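See structure below.
The values are calculated or read from the model by the stated rules, or taken from the named source; none is laboratory data. Everything numeric here is computed off the predicted structure, so don't read it as measured data. FYI the Cβ positions are ideal-geometry reconstructions off the backbone, even for glycines, and counts take in every protein chain you see. The accessibility values were calculated without ligands, DNA or RNA, using every heavy atom of the protein model including side chains. Shrake-Rupley method; radii C 1.70, N 1.55, O 1.52, S 1.80 Å.
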Amino acid sequence: WLADDARRRADYAFYRQELAAVRLAAGRADARRWLLKDPCHLFSLDELFDTLPKARVVWLHRDPATVSASLCALLSKVWRLLYRSEASTSPPRFNDAVVAYLGKLLDAGLAFRRRRPGAAVHDLLTTDLAADPMLEVARVYAFAGEALSDAARAKMKRLLTDRSTAPRHVYAAADFGLDPADLDRRFAKYKREFGE
């Protein structure tokens, strides 16, 4: 379905109707901006912007090797939940499918950027976000035409303090049969462009 432009356009028209229904259910007086998260939109940015011309996209750039391992870890957890397998039971290797999927996703996003360089897309590197989250979130707000309020800043500071003690997910590409050198080769174009 990813190669079917007509289908994607119809899907995004339906998506617009879904968003309108949710807004209606929330009440017409609800004028808040929405923040929707779905990296799969990278497959269809033309359709997204054609259907929702006021949309703003924040593209969070993260090292593809880390993303590949993260997605494999997520799929492994879902596999264990669905099939009620023990943690010691190895799920099928998702590595080839994950790398192919992520590669197509990033290639589609890069191709869109070449076709429509003036599109409302803000690039945010995870390294920059980690280094100065307050500054980077303020930049995202500015990109969206909003000011970051003092109340929002205070909430962010509390969240950052709370997260500093939260356990971290630990995994490596090799845990899922992924070769870092192969990943570097596959995602070289993306990494050259965004340095992640």
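One table, with the values for the structure above:
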quantity	calculated
Filter pass, LEU102 being among the aliphatic types (A, V, I, L, M), outside any loop (DSSP other than H, G, I, E, B), open to solvent by less than 30 Å² (accessible area, probe 1.4 Å) and at pLDDT 95 or above	no
Any pair with Cβ under 9 angstrom, 6 or more apart, that starts in the stretch 5-22 at a residue that is free of Cβ contacts under 8 Å to residues at least 60 places away in the same chain and ends at one that is part of a helix (DSSP H, G or I) and open to solvent by 60 Å² or more (accessible area, probe 1.4 Å)	ARG9/ASP50; TYR12/ASP50
Selected residue [closer than 21 Å to PRO39 by Cβ, out of contact with any His (no Cβ under 9 Å at 6 or more places or on another chain) and without any contact (Cβ under 8 Å) to a residue 12 or more places away in the chain] from ALA100, ALA108, ALA119, ALA147	ALA100
Looking only at the stretch 1-17, and only at residues there that are open to solvent by less than 80 Å² (accessible area, probe 1.4 Å) and modelled with pLDDT of 85 or more, the one that is nearest to SER44 (Cα to Cα)	ARG8
Among the residues listed as ARG80, ARG33, ARG16, the single one being in contact with a helix residue (DSSP H, G or I) (Cβ under 8 Å, 6 or more places away or on another chain) and over 21 Å from PRO117 (Cβ atoms)	ARG16
Helices (runs of 4 or more DSSP H) (entirely within the stretch 114-195) containing at least 1 residues that are open to solvent by 80 Å² or more (accessible area, probe 1.4 Å), of a type outside the set (A, V, I, L, M, F, W, C) and farther than 23 Å from ARG56 by Cα	150-163, 180-186, 188-194
Filter result (of a type in the set (Lys, Arg) and either at negative phi or at pLDDT 85 or above (or both)) within the stretch 74-98	LYS77, ARG80, ARG93
Test: residue in the stretch 52-73 that is open to solvent by 60 Å² or more (accessible area, probe 1.4 Å), modelled with pLDDT under 90 and of a type in the set (A, V, I, L, M)	no
Some residue of the stretch 35-44 being out of contact with any Asp or Glu (no Cβ under 6 Å at 6 or more places or on another chain), touching a residue at least 24 places away in the same chain (Cβ under 8 Å), surrounded by fewer than 16 Cβ atoms within 10 Å (Cβ to Cβ) and of a type outside the set (Ser, Thr, Tyr)	yes
